[in-house]
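Okay, structure first, notes after.
The values are calculated or read from the model by the stated rules, or taken from the named source; none is laboratory data. In this text, all values refer to a predicted model and were calculated from it rather than measured experimentally. Cβ: placed from backbone, ideal geometry, glycine included. Neighbour counts: every protein chain shown.
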C-alpha cells in the first residue's frame, strides 16, 4: 500500500485537548528556558511560550497516511498563527486535514492544516500548518507543490542569539508528548541513518521561537503572532544553535544554524505586533 491520496481535503474528527500550568512549564524547560526566564518556567506570573501553540493544536490523524517505515518520515516544515495569547492552563478543540501530497522524486511531501478553537465559544485560537517528508514515497507522478520565495534583506542580521542545548535535551522535550523513538532509541535512529538519536525538530523550533520572542517581541508573548520555517538539517542534543534575525518594518526573517554553520531551520518568517 502506498500513500492514501484519498485523505487530501478530508477533515479528521474534532479532537479536544487540555493542558495544565505544569505542562506549559515543562514545555518551556524542554526548549531550553531556565532561570533567566522564570515567567515561563515557574508559576509566579506565568505566561506561555508562543511556540507551545504547535503542541496545543496537534490532533491525531483520521487514519494512517499509508504503509511505510516510520523511520523514513521527518518533519519538514512548521508554521502557526496565534489569534490570541495562550493561557498557562486551558484547552482547545482542533480539526485537521491533509491539504496536499506532493511528489518530490526521492520522497513525498504531505502537508496539513489544523484549526484550534475555544471549546466554549468556537473562537479561533490557533491555525497551524505543517508538512512531513517521507523518503522513498515519491515518483508517483504527482505535482511537486508550490514554490516559496524567501528573501531577507541583503545585509548582516539585525540580531543574532545563540543558545546551547543539553545532551539530554531530547529526553526532556519528549515529556511534552512526542515519544518518537528517533529521539531516544539508538537502534531506531540507526534505521533512519543516524549514528545516535537526534533532537526533535519542534524542540529546535521552540529554541528558535525563544530567540525571536526576546530579540524582536520584547519578551512579550502577546506581541508574538506567528512563525514558520523549514527544517533543513538534523540537530544532535548538546549542539548549540544560533538564530540570525532580519527586521524590516513589519517583516521578520530568520535562519537557525549550528556552530559549524549548518543551517537547520531555513526560510523562517515571524509576525510580531
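If we keep just the residues of the stretch 139-164 that are surrounded by fewer than 10 Cβ atoms within 10 Å (Cβ to Cβ) and at pLDDT 90 or above, which is nearest to residue 99 (Cα to Cα)? The extreme case among them is 154.
Okay, residues lined up against (1) outside any helix (DSSP H, G or I); (2) farther than 22 Å from residue 78 by Cα:
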site	(1), (2)
16	yes, no
23	no, no
28	no, no
35	yes, yes
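Quick check, is residue 6 at pLDDT below 95 and under 20 Å from residue 227 (Cβ atoms)? No, not satisfied. Take residue 196 and decide whether it is without any contact (Cβ under 8 Å) to a residue 40 or more places away in the chain and loosely packed, with under 13 Cβ neighbours inside 10 Å. No.
Considering 108, 114, 76, the condition of being within 21 Å of residue 211 (Cα to Cα) and in a strand (DSSP E or B) is satisfied by 76 alone. When 43, 39 are checked against the criterion of being modelled with pLDDT of 90 or more, surrounded by 13 or more Cβ atoms within 10 Å (Cβ to Cβ) and more than 22 Å from residue 124 (Cα to Cα), 39 stands alone in meeting it. A Cβ distance below 6 Å, combined with a sequence gap of six or more or placement on separate chains, defines the contacts here; from the stretch 164-185, residues that are farther than 14 Å from residue 33 by Cα reach residues that are at pLDDT below 95 and surrounded by 17 or more Cβ atoms within 10 Å (Cβ to Cβ) in the pairs 182/189; 182/192. Of all residues in the stretch 101-138 being in contact with a helix residue (DSSP H, G or I) (Cβ under 7 Å, 6 or more places away or on another chain) and surrounded by fewer than 20 Cβ atoms within 10 Å (Cβ to Cβ), which is nearest to residue 80 (Cα to Cα)? For the stretch 101-138, the residue satisfying everything is 135. Apart from one condition, residue 65 fits all of (1) free of Cβ contacts under 8 Å to residues at least 60 places away in the same chain; (2) more than 30 Å from residue 218 (Cβ to Cβ); (3) surrounded by 19 or more Cβ atoms within 10 Å (Cβ to Cβ); the exception is (1).
Suppose we filter 92, 54, 98 for residues that are buried (at least 18 other Cβ atoms within 10 Å of the Cβ), at pLDDT below 95 and in contact with a helix residue (DSSP H, G or I) (Cβ under 7 Å, 6 or more places away or on another chain); which single one remains? On inspection, the qualifying residue turns out to be 98. State yes or no: is residue 167 closer than 24 Å to residue 258 by Cα, in a loop (DSSP other than H, G, I, E, B), at pLDDT 95 or above and in contact with a helix residue (DSSP H, G or I) (Cβ under 8 Å, 6 or more places away or on another chain)? No; evaluated as a whole, the condition is false for this residue.
Condition first: under 18 Å from the mean Cα position of the chain (by Cα), assigned to a strand (DSSP E or B) and over 19 Å from residue 178 (Cα atoms). Can you find one or more residues in the stretch 199-210 that meet it? Spell out how you get there, then give the answer.
Filtering the stretch 199-210 down to residues under 18 Å from the mean Cα position of the chain (by Cα) leaves 199-210.
Checking the rest, the ones that are also assigned to a strand (DSSP E or B) come to none.
No, there is no match, as no residue in the stretch 199-210 is under 18 Å from the mean Cα position of the chain (by Cα), assigned to a strand (DSSP E or B) and over 19 Å from residue 178 (Cα atoms).
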